[in-house]
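Visitor: Quick one: structure below, then a few questions.
The values are calculated or read from the model by the stated rules, or taken from the named source; none is laboratory data. In this text, all values refer to a predicted model and were calculated from it rather than measured experimentally. Don't worry about glycine lacking a Cβ; one is built from the backbone with ideal geometry, like all the others, and counts go over all protein chains shown. The protein model used for the area step is the full one, side chains on, heavy atoms only, and it has no ligands, DNA or RNA in it. Shrake-Rupley method; radii C 1.70, N 1.55, O 1.52, S 1.80 Å.
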Amino acid sequence: MIKLRMAVVMIAAAVMQTGCAEPSHMAAGQIAPEPASGWQHYGGDEGGKHYSSAGQITRANVDQLEVAWEFRSGDQETHADLMHQTSAQATPLLLPEAAGESLVYCTPFNRIIALDPGSGEQRWSFDPKIDTGGDRTFRCRGLSYYEETRVPAGEACRHRLFTSTHDRQLIAVDALTGNTCSGFGNNGRIALYGSEEPAGHVANSSAPVAANGVVVTGSTIIDFAYSKTPRGTVLAFDTLDGSAVWQWDPLGDPETEAGHKESGSANVWAPISVDTDNNLVFLPTSAPSPDYYGGNRDGNNNHANSVVALNLTSGELVWSFQHVRHDLWDYDTPAQPILFDWNKDGETIPALAQLTKQSYVFILNRLTGESLWEITEHPVPPSQIPGEQAAATQPKPIAPPQLLDPFLMPQHAWGLTPWDRNHCAKQLAALDNLGVFTPLSEKLTLLFPGSLGGPNWGGGALLADQDTLLVNVNNMPFTARLIATGDSEQGGERDHPTAGERMRLKMNGTPYDVDLGALVSPLGIPCNEPPWGKLVAVSLTGGKILWEKPLGSVHEMGPIKAPFHIDWGTPNLGGGIATAGGLFFIGATMDRQIRAFDVTTGDVLWRHTLPIDATATPMTYVYKGKQYVVINAGGHAMFNRGQSDYLMAFALPEQ
């Protein structure tokens, strides 16, 4: 996100010491290998653990990994004029043998492609021919596979794939052929609400989920630009015929004051989790509109900024836990809820871990919503904006600790030289800075973490039979202020600032625009000490951080690339996966690397330079006795480092 402006900065960086403390290590231990598995859900399983029991690739042999095959989707040629608006975020699925045993994934333009898992050769493709109008980013994080047992075995569309598209269609296709399922909706398609809005104002990014005869889909809604946006209503349909089953609005009845009729959003854009056995669906909801001003939406804003459990078949509310009240910081719930069993003091509790942009890990009983660690109330400064009332307190778990340290004062300013360090110290001294939940005012305010996080949609990976969660974290400060709209300068209508730029963004319908950007020195370097991206291992039942390591090298972030890695961490988008081989695989960084970490120590055991950044979560599977690791390398519009259309598979060499 930050482009260093001088080549000399990179050379100097290579010889300077960061002063970062050496992190502690967890006790050594071997993860017991289990029978190899596929990858039939976006997050590995329906509860988003990001874990595979495949253990052929181990700590001992991972350094032998080589490219097994490479596939190009063709988007680079067919959509050359739109590639600058793309973010390749898809995680493929490996379908079961009965469904064709293909590797399937979606491109940013919602094309579905099925490949041979061993060779990468294309078997079929489906192009929904979406409306590409508007300037919103094109992205598709994944697909949902479902076996529709109401269709007789051997008939078309017993095995089906669901996708929610950029132009707001829910589509069902046959997993064996790619043909649309004619009995679902209108010849395989359902037009979702928002399709009548201006192009890009309502879209989709994450996969729908399908279970127990119901397919559930959320939405993405334009950020910042409007006080009143479309509602973030979650929709559920019958998996067989597409008939409507239920809908649920996180803000309540849109026709009432209690339902914040002058607001909108609170949508579910992050991946959704399902507990099939308990017939529950878990929704991570986002901020209400507008993101940085709350004068039009008094109170706690109902179920915005929450993790919510609904009955899967009826849509009835079972419980809700709100981690930000009356959000003024764009602290959406960014990541898929992670479902696991909490084993402590001889007791086993069905649990859920929810990562937040604030870098908290909330651990809840997933049947009741009760927190398994004590929640304290963190006092919040009052808002200085007329007509706006910030929540008096915000919830904070006593454990695990926050995944980054948000305490950043002038004496903590960092720089390559006394000159730029002093410049950062002066900036910090001039900021409103009273903690994570300092409300924005007409004076520049520190946002640390900013709306990028902390954690983001990549989520975390939970080791099997352990309580260790591995999470990639952004560790960069931002600043923002509100500007009265009577000022002469006019704001722009944009989704998010890109590549560290500072922007004035419109909030139409409010008295203010918002000025937002990264806190950097005149050299374009973050004003806090590195690492600026890191990987953190957390004990959920122990409530402590086991180790942390820098994630990413800045060697490519200057105008001239350094010929060696400078592991100070980079902003990161995308997630990682853990395996029974004791490894954690992740791309996500701004250095074109995919890495394998030792889950016990955090040491990097392998890395490979990709053609372009991989801002997607990898996956792994065993096919015909051989384990593959696959990652989508296509770049991200926000990083401004180029885009392309690669899907890369790695495996051990033939014996």
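Visitor: Determine if the stretch 97-109 includes at least one residue that is touching a residue at least 60 places away in the same chain (Cβ under 8 Å) and of a type in the set (Phe, Trp, Tyr).
Guide: Within the stretch 97-109 (the criterion being touching a residue at least 60 places away in the same chain (Cβ under 8 Å) and of a type in the set (Phe, Trp, Tyr)), the answer is yes, since at least one residue qualifies.
Visitor: Now for a separate question. For the stretch 134-154, indicate whether the set of residues that are β-branched (Val, Ile, Thr), surrounded by 21 or more Cβ atoms within 10 Å (Cβ to Cβ) and assigned to a strand (DSSP E or B) is non-empty.
Guide: Of the residues in the stretch 134-154, the ones β-branched (Val, Ile, Thr) are 137, 149, 151.
Checking which are surrounded by 21 or more Cβ atoms within 10 Å (Cβ to Cβ) leaves us with 137.
Filter once more, keeping what is assigned to a strand (DSSP E or B): none.
No: the stretch 134-154 contains no residue that is β-branched (Val, Ile, Thr), surrounded by 21 or more Cβ atoms within 10 Å (Cβ to Cβ) and assigned to a strand (DSSP E or B).
Visitor: Filter the stretch 84-104 down to the residues that are open to solvent by 10 Å² or more (accessible area, probe 1.4 Å) and closer than 14 Å to ASP645 by Cβ, then identify the one that is farthest from the chain's Cα centre (by Cα).
Guide: Among them, the one singled out is HIS84.
Rundown of residues vs (1) without any contact (Cβ under 8 Å) to a residue 12 or more places away in the chain; (2) under 21 Å from LEU462 (Cα atoms), yes/no style:
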| site | (1), (2) |
| --- | --- |
| VAL604 | no, yes |
| PRO611 | no, no |
| VAL629 | no, yes |
| ALA633 | no, no |
| ALA637 | no, no |
| ASN640 | no, no |
| GLN655 | yes, no |
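Visitor: While we're looking at this one, here's another question. Given the options SER195, SER206, SER182, name the one that is under 26 Å from the mean Cα position of the chain (by Cα), farther than 24 Å from ASN508 by Cα, outside any strand (DSSP E or B) and not aliphatic (A, V, I, L, M).
Guide: Testing whether each residue is under 26 Å from the mean Cα position of the chain (by Cα), farther than 24 Å from ASN508 by Cα, outside any strand (DSSP E or B) and not aliphatic (A, V, I, L, M) leaves just SER206.
Visitor: When you look at THR589, is it open to solvent by less than 10 Å² (accessible area, probe 1.4 Å) and over 24 Å from PRO92 (Cα atoms), yes or no?
Guide: For THR589, the condition - open to solvent by less than 10 Å² (accessible area, probe 1.4 Å) and over 24 Å from PRO92 (Cα atoms) - is not met.
Visitor: Which numbered condition in (1) of a type outside the set (A, V, I, L, M); (2) open to solvent by less than 20 Å² (accessible area, probe 1.4 Å); (3) modelled with pLDDT under 95 is the only one that ASP487 fails?
Guide: The single condition ASP487 does not satisfy is (2).
Visitor: Would you mind stating whether THR163 is over 16 Å from GLY38 (Cα atoms) and either surrounded by 15 or more Cβ atoms within 10 Å (Cβ to Cβ) or not basic (Lys, Arg) (or both)?
Guide: yes
Visitor: Sticking with this one: Which ones in the stretch 48-76 are surrounded by fewer than 22 Cβ atoms within 10 Å (Cβ to Cβ) and more than 27 Å from SER644 (Cα to Cα)?
Guide: SER53, GLY55, GLN56, THR58, ARG59, ALA60, ASN61
Visitor: Across the stretch 324-339, what is the total count of residues that are surrounded by fewer than 24 Cβ atoms within 10 Å (Cβ to Cβ) and assigned to a strand (DSSP E or B)?
Guide: Adding up the residues that qualify gives 1.
Visitor: Among residues belonging to the stretch 249-262 that are within 26 Å of the chain's Cα centre (by Cα) and surrounded by 22 or more Cβ atoms within 10 Å (Cβ to Cβ), point out the one that is nearest to HIS50 (Cα to Cα).
Guide: The extreme case among them is PRO250.
Visitor: Which residues, taken from the stretch 398-419, are of a type in the set (A, V, I, L, M, F, W, C), open to solvent by 50 Å² or more (accessible area, probe 1.4 Å) and either in contact with a Gly (Cβ under 9 Å, 6 or more places away or on another chain) or not in a loop (DSSP other than H, G, I, E, B) (or both)?
Guide: Answer for the stretch 398-419, where residues must be of a type in the set (A, V, I, L, M, F, W, C), open to solvent by 50 Å² or more (accessible area, probe 1.4 Å) and either in contact with a Gly (Cβ under 9 Å, 6 or more places away or on another chain) or not in a loop (DSSP other than H, G, I, E, B) (or both): ILE398, PHE407, TRP419.
Visitor: Something else now. Kindly indicate whether any position in the stretch 385-397 is under 30 Å from LEU470 (Cβ atoms), out of contact with any Ser or Thr (no Cβ under 8 Å at 6 or more places or on another chain) and at pLDDT 95 or above. Write out each step before concluding.
Guide: Applying the first criterion (under 30 Å from LEU470 (Cβ atoms)) to the stretch 385-397 yields 394-397.
Subset that is out of contact with any Ser or Thr (no Cβ under 8 Å at 6 or more places or on another chain): 394.
Subsequent filtering for residues that are at pLDDT 95 or above retains 394.
Scanning the stretch 385-397, I find at least one residue that is under 30 Å from LEU470 (Cβ atoms), out of contact with any Ser or Thr (no Cβ under 8 Å at 6 or more places or on another chain) and at pLDDT 95 or above, so the answer is yes.
Visitor: Follow-up. Do any residues in the stretch 470-481 that are more than 11 Å from GLY575 (Cβ to Cβ) have Cβ atoms under 6 Å from those of residues that are open to solvent by less than 10 Å² (accessible area, probe 1.4 Å) and hydroxyl-bearing (Ser, Thr, Tyr), where the two are at least six apart or on different chains, and which pairs are they?
Guide: ALA480/THR445
Visitor: Additional query: Can you tell me how many residues in the stretch 550-561 are open to solvent by less than 10 Å² (accessible area, probe 1.4 Å), touching an Asp or Glu at 6+ places or on another chain (Cβ under 8 Å) and touching a residue at least 60 places away in the same chain (Cβ under 8 Å)?
Guide: Looking only at the stretch 550-561, we keep the residues that are open to solvent by less than 10 Å² (accessible area, probe 1.4 Å), and these are 551-554.
Cutting the leftovers down to touching an Asp or Glu at 6+ places or on another chain (Cβ under 8 Å) gives us 552-554.
Those left that are additionally touching a residue at least 60 places away in the same chain (Cβ under 8 Å): 554.
Count: 1.
Visitor: When you check ASN422 against the structure, is it free of Cβ contacts under 8 Å to residues at least 12 places away in the same chain and either open to solvent by less than 20 Å² (accessible area, probe 1.4 Å) or not hydrophobic (A, V, I, L, M, F, W, C) (or both), yes or no?
Guide: Details: free of Cβ contacts under 8 Å to residues at least 12 places away in the same chain: yes; either open to solvent by less than 20 Å² (accessible area, probe 1.4 Å) or not hydrophobic (A, V, I, L, M, F, W, C) (or both): yes.
When the stated conditions are applied, ASN422 passes them.
Visitor: Could you run through the stretch 227-256 and say how many residues are closer than 22 Å to LEU161 by Cα, small (Gly, Ala, Ser), assigned to a loop (DSSP other than H, G, I, E, B) and touching a residue at least 60 places away in the same chain (Cβ under 8 Å)?
Guide: Number satisfying all stated conditions: 1.
Visitor: Of GLY44, GLY48, which residue is in contact with a His (Cβ under 7 Å, 6 or more places away or on another chain), part of a loop (DSSP other than H, G, I, E, B) and either at pLDDT 95 or above or farther than 30 Å from PRO531 by Cα (or both)?
Guide: Among GLY44, GLY48, only GLY44 is in contact with a His (Cβ under 7 Å, 6 or more places away or on another chain), part of a loop (DSSP other than H, G, I, E, B) and either at pLDDT 95 or above or farther than 30 Å from PRO531 by Cα (or both).
Visitor: Only one of these conditions is not met by SER286: (1) polar (S, T, N, Q); (2) open to solvent by 10 Å² or more (accessible area, probe 1.4 Å); (3) in a loop (DSSP other than H, G, I, E, B). Which number is it?
Guide: Going through (1) polar (S, T, N, Q); (2) open to solvent by 10 Å² or more (accessible area, probe 1.4 Å); (3) in a loop (DSSP other than H, G, I, E, B) one by one, SER286 breaks only (2).
Visitor: Which one of these does GLY576 not meet: (1) closer than 25 Å to ASN640 by Cα; (2) open to solvent by 10 Å² or more (accessible area, probe 1.4 Å); (3) within 24 Å of the chain's Cα centre (by Cα); (4) not acidic (Asp, Glu)?
Guide: Of (1) closer than 25 Å to ASN640 by Cα; (2) open to solvent by 10 Å² or more (accessible area, probe 1.4 Å); (3) within 24 Å of the chain's Cα centre (by Cα); (4) not acidic (Asp, Glu), only one is false for GLY576: (2).
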